[in-house]
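Enquirer: The structure that follows is given in the form of structure tokens.
The values are calculated or read from the model by the stated rules, or taken from the named source; none is laboratory data. Model, not experiment: these values are computed from the prediction. We place every Cβ from the backbone using ideal geometry, glycine too, and count neighbours over all the protein chains shown.
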């Protein structure tokens with residue numbers, strides 16, 4: 001009986017013991033994520049900021065801080081942290097940079113500067129992929145008609161049929177420019193050209 005208890009208890013005890021022995025970085029990231037999940041984003045970011053003052057070369061907490069800042073719609077605050085990561089690693093983290101760029105576009109759409117919102121919407125054309133679908137959806141519902149029209153153009157160029165219904169909905173948009181863009185892009189999605197280069201040439205000829 002004693003042998004059975006030892007064979008069962010000791011491995012179980014070691015598992016429990018080791019589960020609480022993560023690295024210092026892992027523990028602070030876990031605590032920050034727990035705060036964020038309860039709606040305490042500011043406290044979460046403050047915790048990581050204070051930690052990184054003490055341990056500036058810690059990559060995992062800095063990456064976590066960037067992701068939390070993006071989620072909290074404070075993407076600009078993450079620029080310095082991203083620069084610190086690329087400096088220490090001597091290379092770009094392209095996936096993280098892509099997420100940061102999408103966050104910056106989303107945050108720019110909330111500014112009062114209409115020109116800035118339009119520039120951000122135009123920049124989305126270069127970043128539109130499957131990971132940007134959530135932002136494209138938000139752009140199609142943006143209160144600024146310029147943003148809606150530019151995002152409709154981006155969606156049309158993506159040839160992503162998942163946006164067909166969204167474009168058809170914009171056919172009833174109160175802004176005539178948005179309706180026109182949605183009509184053109186919706187037709188393009190419904191009838192994609194056999195040769196996209198020919199389609200681009202025809203669009204250019206029409207504009208001329």
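Enquirer: Regarding region 61-71, can at least one residue be identified that is at positive phi and under 13 Å from the mean Cα position of the chain (by Cα)? Give the steps one after another, and end with the answer.
Expert: Within region 61-71, the first condition is being at positive phi, and the residues that meet it are none.
Scanning region 61-71, I find no residue that is at positive phi and under 13 Å from the mean Cα position of the chain (by Cα), so the answer is no.
Enquirer: Looking for whichever is more than 24 Å from residue 172 (Cα to Cα) and assigned by TED's automatic domain parsing to the domain that holds residue 36 here; the options are 102, 130. Which one fits?
Expert: Values: 130 fails: assigned by TED's automatic domain parsing to the domain that holds residue 36.
It is 102.
Enquirer: Another one. Sort out which residues of region 1-58 are over 27 Å from residue 85 (Cβ atoms) and modelled with pLDDT of 50 or more, and write them in order of number.
Expert: Correct list: empty.
Enquirer: Taking the condition of being surrounded by 17 or more Cβ atoms within 10 Å (Cβ to Cβ) and in a loop (DSSP other than H, G, I, E, B), how many residues in region 82-122 meet it?
Expert: Within region 82-122, residues that are surrounded by 17 or more Cβ atoms within 10 Å (Cβ to Cβ) and in a loop (DSSP other than H, G, I, E, B) number 1.
Enquirer: Right, next: Is there any pair linking a residue in region 35-54 that is at positive phi to one that is modelled with pLDDT under 95 and not in a helix (DSSP H, G or I), with Cβ under 9 Å and at least six apart or on different chains, and which?
Expert: No pair meets every condition.
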